[in-house]
Amino acid sequence: MGNLARYRAADLPELMDRITKNSIGLDSYFDQFFNVTQQQSYPPYNLIHLNNVESRLEIALAGFKQKEIKVYTEYGKLVVEGNKKEKEEKDNILHRGIAQRSFERAWTLSDDVEIKNVSFEDGLLTVNLGKVVPEHHTRKDWL
């Protein structure tokens, strides 16, 4: 226990080298954490924390129909895809402020989160998320 060392921001590469040498199976976590690519801003969304075990993801998809949207989970990620077909414009549009383009957006889910249900109504995709709490961690009232 006498080998404790203080690390500063300048020592971060050395610290990460020591951690990766002594860890098994954590490579993907470090890759996700340090290799964050540019964040997407489309489509806009709200992430609402309802309580300790429930959250809700609301995604604004104005102009999309339900058959143009795919929602699935794969490799610990929630993926939402919107496939909008390009159509020829008959009108002379002076300003296009409503984006109606195809997209793919993914959110990483922790191991203890599951999708409870997904609904799409009035251009709003709602994904209800629940945290899986093991029984030995749940609250029990004895008196």
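The values are calculated or read from the model by the stated rules, or taken from the named source; none is laboratory data. The structure displayed is predicted, hence computed values, not measured ones. Virtual Cβ from ideal backbone geometry, glycine too; neighbours counted across all protein chains shown.
Overview of values
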quantity: Within segment 41-59, tally of residues that are among the aliphatic types (A, V, I, L, M), loosely packed, with under 14 Cβ neighbours inside 10 Å and assigned to a strand (DSSP E or B); calculated: 2
quantity: Top-ranked residue in segment 15-27 [being loosely packed, with under 11 Cβ neighbours inside 10 Å and of a type in the set (D, E, K, R); ranked as modelled with the lowest pLDDT]; calculated: Asp27
quantity: Checklist (1) among the basic types (Lys, Arg); (2) surrounded by 11 or more Cβ atoms within 10 Å (Cβ to Cβ); (3) in a helix (DSSP H, G or I) applied to Lys70, failing item; calculated: (3)
quantity: Single residue of segment 101-135 satisfying the filter (of a type in the set (Gly, Ala, Ser) and in a loop (DSSP other than H, G, I, E, B)) that is surrounded by the fewest Cβ atoms within 10 Å (Cβ to Cβ); calculated: Ser110
quantity: Qualifying residue in segment 122-132 (condition: of a type in the set (D, E, K, R), closer than 15 Å to Arg56 by Cα and in contact (Cβ under 8 Å) with a residue 40 or more places away in the chain); calculated: yes
quantity: Qualifying residue in segment 85-101 (condition: out of contact with any Ser or Thr (no Cβ under 6 Å at 6 or more places or on another chain), at pLDDT 80 or above and among the polar types (S, T, N, Q)); calculated: no
quantity: Count of segment 37-80 residues which are modelled with pLDDT of 95 or more and acidic (Asp, Glu); calculated: 1
